[in-house]
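The values are calculated or read from the model by the stated rules, or taken from the named source; none is laboratory data. As the structure is a computational prediction, the values presented were derived from the model and not from experiment. Positions of Cβ are generated from backbone atoms using ideal geometry, with glycine treated the same way; all protein chains shown enter the neighbour counts. We work out accessible area using only protein heavy atoms, side chains counted, and drop any ligands, DNA or RNA first. Shrake-Rupley method; radii C 1.70, N 1.55, O 1.52, S 1.80 Å.
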Amino acid sequence: MEENIQAEAINEQKAEVKYTSKDYKKGQPRWCPGCGDHGFLNALQKAMSEIGVAPYETAVISGIGCSSRLPYYVNTYAMQTIHGRAAAIATGAKIVNPKLTVWQVSGDGDALAIGGNHFIHCMRRNVNLNMILLNNRIYGLTKGQYSPTSPFGFVSKSSPYGTVEEPFRPAELCFGARGKFFARTVASDISHTVEMLKAAHHHKGAAVCEVLQNCVIFNNGIHDSVYSSTARKNNAIYVEHGKPLVFGPNKEFGLVQDGFALKVVEIGKNGYTMDDVLVHDAHREDDTLQLKLAMMDNEHGFPVALGVIRDVEAPCYDEAVNMQIEEIKQKKSYHCFEELLETNDIWEVTE
């Protein structure tokens with residue numbers, strides 16, 4: 001009884017603490033001027049303060065790459081691991097300390113090349129992590145090689161005649177691995193990025209947030225079609241659960257179903273009205289329409305979907321593991337290594 005009262009008192013004290021983004025700031029970022037990592041870092045620190053989880057109850061874990069330097073610039077528990085292994089380390093941290101809020105930060109090369117196996121299995125298991133994918137479609141730290149998300153025919157230092165392979169599309173990979181949460185934002189849209197990070201945090205399970213950003217040195221302009229607010233009005237659609245899928249400077253365009261596909265129409269023309277426009281359902285278990293939204297691109301006449309595209313509840317791996325451990329402990333007659341040794345045949349060796 002006394003322990004419960006003390007716990008309640010501690011929780012009340014925590015609730016009274018108000019954090020600002022300054023509480024999560026540390027060090028001087030070492031990124032190129034204009035790099036999208038600067039904007040994302042600001043958004044992450046602001047999101048952390050609005051979420052309100054204390055710095056000492058938060059961990060930021062990364063792999064290797066430009067974006068993976070981020071743990072040095074947050075005043076939380078932090079760890080830069082080895083290339084491609086951020087998801088594995090983050091999974092271990094979450095299982096050992098389920099109360100810890102874990103942010104895993106990776107670039108497209110770090111997460112989808114050497115780290116691809118960990119990435120898909122983390123989603124399949126539905127580990128309760130905030131998985132941030134900073135996608136500039138290039139290897140920046142190693143000076144401009146093409147990455148798993150670089151487009152077909154992309155000319156780079158490691159593909160001087162153009163790539164001859166199709167890229168990964170993060171949303172497709174996430175959905176294929178049975179991911180339950182996928183959101184997309186643009187690093188230059190700070191306020192929207194904050195909201196997407198908060199949504200990822202509030203989702204229980206593996207929450208993947210793709211952040212589109214430019215590498216100003218080796219791949220500048222790759223996301224120009226949606227990087228400015230003016231460009232987004234013409235080339236992007238902000239999706240929200242329960243709201244019509246409309247876009248354009250004056251919301252004059254909408255998405256309708258055309259057989260098994262999506263179609264862009266101008267509302268009020270050719271017989272199309274608001275009643276024909278689809279309403280976004282992020283919580284639907286069947287991901288057919290969600291995937292179609294996530295796969296839209298300007299090259300095929302569609303707007304790029306920004307926002308929470310999929311958000312479905314499901315059991316979490318870390319919770320299941322800890323529940324299983326507790327269940328087994330109750331059934332076993334031993335509770336420590338010494339007791340374990342004494343439960344089996346014992347021999348005593350004497351001279």
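Take the conditions crowded, with 22+ Cβ neighbours inside 10 Å and either modelled with pLDDT of 95 or more or among the aliphatic types (A, V, I, L, M) (or both) and apply them to THR101. Does it pass? Show your work before the answer.
Working: crowded, with 22+ Cβ neighbours inside 10 Å: no; either modelled with pLDDT of 95 or more or among the aliphatic types (A, V, I, L, M) (or both): yes.
Considered against the rule, which asks whether it is crowded, with 22+ Cβ neighbours inside 10 Å and either modelled with pLDDT of 95 or more or among the aliphatic types (A, V, I, L, M) (or both), THR101 comes out as no.
Kindly indicate the residue of the range 43-90 that is open to solvent by 30 Å² or more (accessible area, probe 1.4 Å) and free of Cβ contacts under 8 Å to residues at least 24 places away in the same chain and also farthest from ARG124 (Cα to Cα) among those meeting that condition. Outline the logic, then answer.
First, the residues of the range 43-90 that are open to solvent by 30 Å² or more (accessible area, probe 1.4 Å): 46, 50-53, 56-57, 64, 66, 69, 72, 75, 77-80, 82-83, 85, 88-89.
Still in the list and also free of Cβ contacts under 8 Å to residues at least 24 places away in the same chain: 56, 77-80, 82.
On the way: TYR56: 29, TYR77: 26, ALA78: 25, MET79: 24, GLN80: 24, ILE82: 22 Å.
Filtering the range 43-90 for residues that are open to solvent by 30 Å² or more (accessible area, probe 1.4 Å) and free of Cβ contacts under 8 Å to residues at least 24 places away in the same chain, the one farthest from ARG124 (Cα to Cα) comes out as TYR56.
Among the listed residues VAL226, VAL279, which satisfies the condition of being of a type outside the set (Lys, Arg), under 25 Å from the mean Cα position of the chain (by Cα) and farther than 26 Å from ASN136 by Cα? Before you say what the answer is, go through the steps one by one.
On the way: VAL226 fails: farther than 26 Å from ASN136 by Cα.
One residue alone meets the criteria, VAL279.
I'm trying to understand the selection: among the residues of the range 1-51, which are more than 17 Å from PRO71 (Cβ to Cβ), at pLDDT below 95 and among the charged types (D, E, K, R)?
Answer for the range 1-51, where residues must be more than 17 Å from PRO71 (Cβ to Cβ), at pLDDT below 95 and among the charged types (D, E, K, R): GLU2, GLU3, GLU8, GLU12, LYS14, GLU16, LYS18.
Answer yes or no: is there a residue in the range 70-89 that is in contact with a strand residue (DSSP E or B) (Cβ under 7 Å, 6 or more places away or on another chain), assigned to a strand (DSSP E or B) and under 17 Å from ALA200 (Cβ atoms).
yes
What are the residue pairs meeting all of these: first residue in the range 241-263, first residue under 13 Å from GLY301 (Cβ atoms) and in contact (Cβ under 8 Å) with a residue 12 or more places away in the chain, second residue among the charged types (D, E, K, R) and surrounded by fewer than 16 Cβ atoms within 10 Å (Cβ to Cβ), Cβ atoms under 6 Å, and 6 or more apart or on different chains?
PHE253/GLU266
Yes or no, residue by residue, for (1) free of Cβ contacts under 8 Å to residues at least 40 places away in the same chain; (2) within 14 Å of the chain's Cα centre (by Cα); (3) over 22 Å from GLN45 (Cβ atoms):
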| residue | (1), (2), (3) |
| --- | --- |
| TRP103 | no, yes, no |
| SER106 | no, yes, no |
| GLY109 | no, no, yes |
| LEU133 | no, yes, no |
| THR142 | yes, no, yes |
| TYR146 | yes, no, yes |
| THR149 | no, no, yes |
| SER159 | yes, no, yes |
| THR163 | yes, no, yes |
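Being under 23 Å from the mean Cα position of the chain (by Cα) and of a type in the set (Asp, Glu) narrows it down to one of GLU285, GLU338, GLU252, so name that one. Show your work before the answer.
On the way: GLU338 fails: under 23 Å from the mean Cα position of the chain (by Cα); GLU252 fails: under 23 Å from the mean Cα position of the chain (by Cα).
Of GLU285, GLU338, GLU252, the one residue that is under 23 Å from the mean Cα position of the chain (by Cα) and of a type in the set (Asp, Glu) is GLU285.
Considering only residues that are touching a residue at least 24 places away in the same chain (Cβ under 8 Å) and either farther than 25 Å from ALA90 by Cβ or small (Gly, Ala, Ser) (or both), which ones fall in the range 307-329?
Looking only at the range 307-329, we keep the residues that are touching a residue at least 24 places away in the same chain (Cβ under 8 Å), and these are 307-319, 321-322.
Of everything in the range 307-329, those that are touching a residue at least 24 places away in the same chain (Cβ under 8 Å) and either farther than 25 Å from ALA90 by Cβ or small (Gly, Ala, Ser) (or both) turn out to be GLY307, ALA314.
What number goes with the only condition from (1) closer than 28 Å to LYS18 by Cα; (2) assigned to a helix (DSSP H, G or I); (3) open to solvent by less than 10 Å² (accessible area, probe 1.4 Å) that ALA93 does not pass?
Just one mismatch for ALA93, condition (3).
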